[in-house]
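The structure appears below as structure tokens.
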Amino acid sequence: MTQPQLVCCTHERHAAAILDIFNDAIVNSTALYDYKPRSPDSMDGWFAAKRKGGYPVIGIENAAGQLLAFGSYGSFRAWPAYKYTVEHSVYVHKDFRGKGLGRQIMQALIAAAREQGVHAMMGGIDASNSGSVSLHESLGFRHVGTLPEVGFKFGRWLDLAFYQLLLETPLQPVDG
């Protein structure tokens with residue numbers, strides 16, 4: 001049996017599968033603080049923003065070409081001084097959770113961040129998502145703060161926990 005493979009996701013090949021994974025997370029979890037499923041058109045802007053920023057979209061496909069998981073990162077905040085900081089996200093298809101795919105995606109994102117000279121990776125995680133918290137801690141991320149009751153979904157207040165991994169890059173950061 002062929003092992004699942006890491007792939008660089010493209011709009012043409014993966015937009016529909018990514019949208020399905022996003023929408024399942026929106027409807028059934030607090031992994032995304034959205035209320036309504038996204039439209040297929042939303043993927044145009046999402047991929048365009050990744051392309052424009054030079055941000056990776058990394059997936060894992062099985063031998064049949066089905067997308068099992070994906071992750072990416074983007075700008076943390078809009079101001080120039082944050083240029084060495086990214087905020088990442090990882091999503092695993094509901095039928096393939098608990099198989100280590102999130103870890104593989106995270107490891108690939110960390111490697112990509114190092115290659116791109118990122119210094120800080122930030123993960124905003126719903127504080128009740130113990131699986132994601134455990135994954136991040138096992139990869140060296142540390143809890144750097146929680147914003148209590150900043151979200152409201154499924155009839156309850158949600159706390160947003162931030163986890164950070166500091167990388168040794170870039171070797172010579174510059175202002176401007």
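Observations
- Among the residues making up the range 21-66, those that are surrounded by 13 or more Cβ atoms within 10 Å (Cβ to Cβ), assigned to a loop (DSSP other than H, G, I, E, B) and of a type in the set (S, T, Y) are S29, T30, Y33, Y55.
- For the range 118-159, the set of residues classified as closer than 22 Å to R103 by Cβ and in a strand (DSSP E or B) consists of A120, M121, M122, G123, G124, I125, D126, R142, H143, V144, listed by residue number.
- Selection of first residues in the range 1-29 that are closer than 16 Å to G65 by Cα and touching a residue at least 60 places away in the same chain (Cβ under 8 Å) and of second residues that are assigned to a helix (DSSP H, G or I) and not β-branched (V, I, T), restricted to Cβ pairs under 6 Å at least 6 apart or on distinct chains, gives the following pairs, ordered by first then second residue: L6/A108.
- Set side by side, the residues A69, A120, A78, A112 differ, and just one is surrounded by 15 or more Cβ atoms within 10 Å (Cβ to Cβ) and either over 25 Å from I21 (Cα atoms) or over 16 Å from the mean Cα position of the chain (by Cα) (or both), which is A120.
- Residues being out of contact with any Leu (no Cβ under 8 Å at 6 or more places or on another chain) and surrounded by 11 or more Cβ atoms within 10 Å (Cβ to Cβ) - total across the range 162-176: 6
- Pairs linking a residue in the range 69-95 that is acidic (D, E) to a residue that is outside any strand (DSSP E or B) and loosely packed, with under 12 Cβ neighbours inside 10 Å, with Cβ atoms under 9 Å and 6 or more positions apart or on different chains, are E87/R77.
- When the residues of the range 122-152 are filtered to those that are in contact (Cβ under 8 Å) with a residue 40 or more places away in the chain and in contact with a Leu (Cβ under 9 Å, 6 or more places away or on another chain), the one that is farthest from V90 (Cα to Cα) is G151.
- Exactly one residue among V118, V90 is closer than 17 Å to Y55 by Cα and either among the hydroxyl-bearing types (S, T, Y) or in contact with a helix residue (DSSP H, G or I) (Cβ under 7 Å, 6 or more places away or on another chain) (or both), and that residue is V90.
Rule-based calculations on the coordinates, nothing more; no lab input. Note that the coordinates shown come from a computational prediction; the quantities given were computed from them, not determined experimentally. When we count neighbours, we look across all protein chains shown, and the Cβ atoms used for this are built from the backbone with ideal geometry, even at glycine.
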